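The values are calculated or read from the model by the stated rules, or taken from the named source; none is laboratory data. Predicted model only: the values in this text are computed from it and were never measured. Don't worry about glycine lacking a Cβ; one is built from the backbone with ideal geometry, like all the others, and counts go over all protein chains shown.
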Amino acid sequence: MRNSALAPVAALSILIVFALALTVFGYAGHVAPGRLLSALMAPDPEIFGEVYLHYGLFPRLFVALICGAALGLAGVIFQQVLKNPLAEPATLGLLSGAQLAIIIVSLASAGAGGLWARELAALVGAFAALGLVVALASSRNFSPVTLLLAGMVISFLAGATIVVLSLFHHEYLRAVFIWASGSLLQNDFSAVPALALRLIILVPLVLLLVRPLTIAGLDDASAKSLGLPVKTIRLAALLLASAISAVVVARVGVIAFVGLAAPHFASRFGAQHFARRLLLAPLFGALLLAFADGAVLTMARFIGEVPTGTLTAISGAVLLLILLKRLPAAAPQASAPQIVQSRRFPASVVLIINLLVLAGIIAFSLSETIFIDGLPVSELAAGRWPRIAASFGAGAMLALAGVVMQAMTGNPLASPESLGVSAGAGLGLIGAVFLAGSFSPPVMLVGGVAGAAVTFAFILAVARACAWSPGPVLLAGVAVGTFAAALISLVLASGDPRAAYILAWSVGPTFRATAITGLIALVLSLLSLPFVPLFARWLEILPLGNESARALGVSPGRARAVMLTFSAFLTAAATLVVGPLSFVGLMAPHMAAMLVPGRPLARAFCAVMLGALLMVTADWLGRSVDFPYEIPAGVLAAFVGGPYFLWLLYRRPA
């Protein structure tokens, strides 16, 4: 009992020592060690390092402690109310919703709204994200997988919207990404009392709910038998936790995964009861964020400063992978949602209709003059055919990769986007650009293939370890996507001159396609089609499971290795053209399954045609919706695919 009581004290003490050591070491990069104390108390105005330490770095430590404590408190509330060990403000999409609302208000008011407007926008954005996630998950008894997937898609959609806004407002571009990555930079102490005041108001309201939330942690029947209004208590707690999260976002941007880690540290070191976790989680959260910020200050002496939120996101993605094994065994993650089916038509009819519609869209896109008068059709076609070819090829390859991945994992929600494979391809592509110092398409393709293959191999390893249960596989994809997004944000916020190109690429700019890019995408997509009949038997048998596959004479390991390489190549090539986020790889297979008979071969060809049709249409809409400006086709497809993904989550059978 005594050891159990001392465990959290020892852990907190160790964190204090390491956080202080890193922070002091970071301070020493600006002020001589012998002058640290005097600079903190009374800086010499003639010495910039001392002024910066006193007015910039010292307040930053207090902001880190307060924000970390707030996020730890919000995280433990979310996990208690939703009975989900993976719930926290970032994984539920609240931070991204608040961030998007703040940026919209800032742009609409040209920055004249002030902090009060920013905080109000953050509250509205966080509540909106929470309402959407809860609405989607309530019908599934708040299963961990549904909550996490809904939060992931909301975060992706919010991120895509922010990128588009940044493209149209270049003057805010770098500042937006630095702030969005969770920067704790301060100019004075004003944020410290402001944050403290808001928490002084919100925390007592949380304390009033300690006993009701403890009882609500039991099963609903027991809580109701004690006269507790369970739904009212949970709603009040969720609103308070969302408000606390929004306050943090309004001041320092997105600090992800502190709210996930802090409650787990508290539980790991003896806090088994909710009241004890409610006490210890904020302490761990404060010290974890101070530790992370100290690490950022230390690294800044060698590689330049990065946003603190980027480091917490990278660490949190790793933590999320570790915590997958803590999902309740009885959670409904083990049953994959079934593809929603509607009236089916012969595959030949659907293919012919698709070809006719696609040909019509291509012809119209090549020649339309809605916003341009006086140009010959030949000149329009000469300028437009590369982007149309690139869109066609990317859409077809993503759709075929989605078909293959769904067969390999036996999971209808699998796709290059939801499994993080597109994000992995993007990381490999960026790594190749920085290592080779070239934007050459072959170099980027090789890097993208390597990143996609490594990512998908990792996802398959997780799937094998979890007996191909869809839930952990999808959550591993969330973790990989989060890790990749954090690293990409780090590159964007670094100020590197190549970051602008990476930003434009990351949102799927088909308008940058050259004749070579268009031809490569088109040729690769056409060359991939002859392989589909070779995989037809595997596509039909692998979803039945390993034992059934072996009984039918198929080696699951060899089949998956071949299809892994094939799908990784398709994903990398498509990602090179339309960026890492489009959801075409999810939508097209489902649309094909709704329209054609269940034979995998026919469905695969139909999905290819639908994927090409979706991307070509997105390309045309992207250049027409806000003419003369361009909305990248990848983002436009994501705006359709994200809600479609949420609809599939909502429609999946109980």
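All of Thr617, Thr565 fail the test of being buried (at least 18 other Cβ atoms within 10 Å of the Cβ) and within 28 Å of the chain's Cα centre (by Cα), apart from Thr617. What about Phe177, is it assigned to a helix (DSSP H, G or I), buried (at least 20 other Cβ atoms within 10 Å of the Cβ), modelled with pLDDT of 65 or more and not small (Gly, Ala, Ser)? For Phe177, the condition - assigned to a helix (DSSP H, G or I), buried (at least 20 other Cβ atoms within 10 Å of the Cβ), modelled with pLDDT of 65 or more and not small (Gly, Ala, Ser) - is not met. The set of residues from segment 545-577 being out of contact with any helix residue (DSSP H, G or I) (no Cβ under 6 Å at 6 or more places or on another chain), without any contact (Cβ under 8 Å) to a residue 60 or more places away in the chain and assigned to a helix (DSSP H, G or I) comprises Glu547, Ser548, Arg550, Ala551, Gly557, Arg558, Ala561, Val562.
Looking at segment 543-570 only, could you name the residues that are of a type in the set (A, V, I, L, M) and either in contact with a strand residue (DSSP E or B) (Cβ under 8 Å, 6 or more places away or on another chain) or under 27 Å from Leu445 (Cβ atoms) (or both)? Those that are of a type in the set (A, V, I, L, M) and either in contact with a strand residue (DSSP E or B) (Cβ under 8 Å, 6 or more places away or on another chain) or under 27 Å from Leu445 (Cβ atoms) (or both): Ala559, Ala561, Val562, Met563, Leu564, Ala568, Leu570. Within segment 273-299, which residues are modelled with pLDDT under 90 and of a type in the set (Phe, Trp, Tyr)? Phe274, the sole residue that qualifies.
For segment 531-547, state whether one or more residues are farther than 25 Å from Asp626 by Cα, within 28 Å of the chain's Cα centre (by Cα) and at pLDDT below 80. Yes, the conditions are met somewhere in segment 531-547. Given the structure, is Leu147 buried (at least 21 other Cβ atoms within 10 Å of the Cβ) and either part of a helix (DSSP H, G or I) or modelled with pLDDT of 80 or more (or both)? It is true that Leu147 is buried (at least 21 other Cβ atoms within 10 Å of the Cβ) and either part of a helix (DSSP H, G or I) or modelled with pLDDT of 80 or more (or both).
Whenever a residue of segment 420-441 is over 20 Å from Ala638 (Cα atoms) and in contact (Cβ under 8 Å) with a residue 24 or more places away in the chain, its partners that are of a type in the set (Phe, Trp, Tyr) and part of a loop (DSSP other than H, G, I, E, B), lying with C-beta atoms within less than 9 angstrom and at least six residues away or across chains, give the pairs Val433/Phe439. Exactly one residue out of Ala559, Ala602, Ala612 is over 22 Å from Gly393 (Cβ atoms), crowded, with 18+ Cβ neighbours inside 10 Å and at pLDDT 80 or above: that is Ala559.
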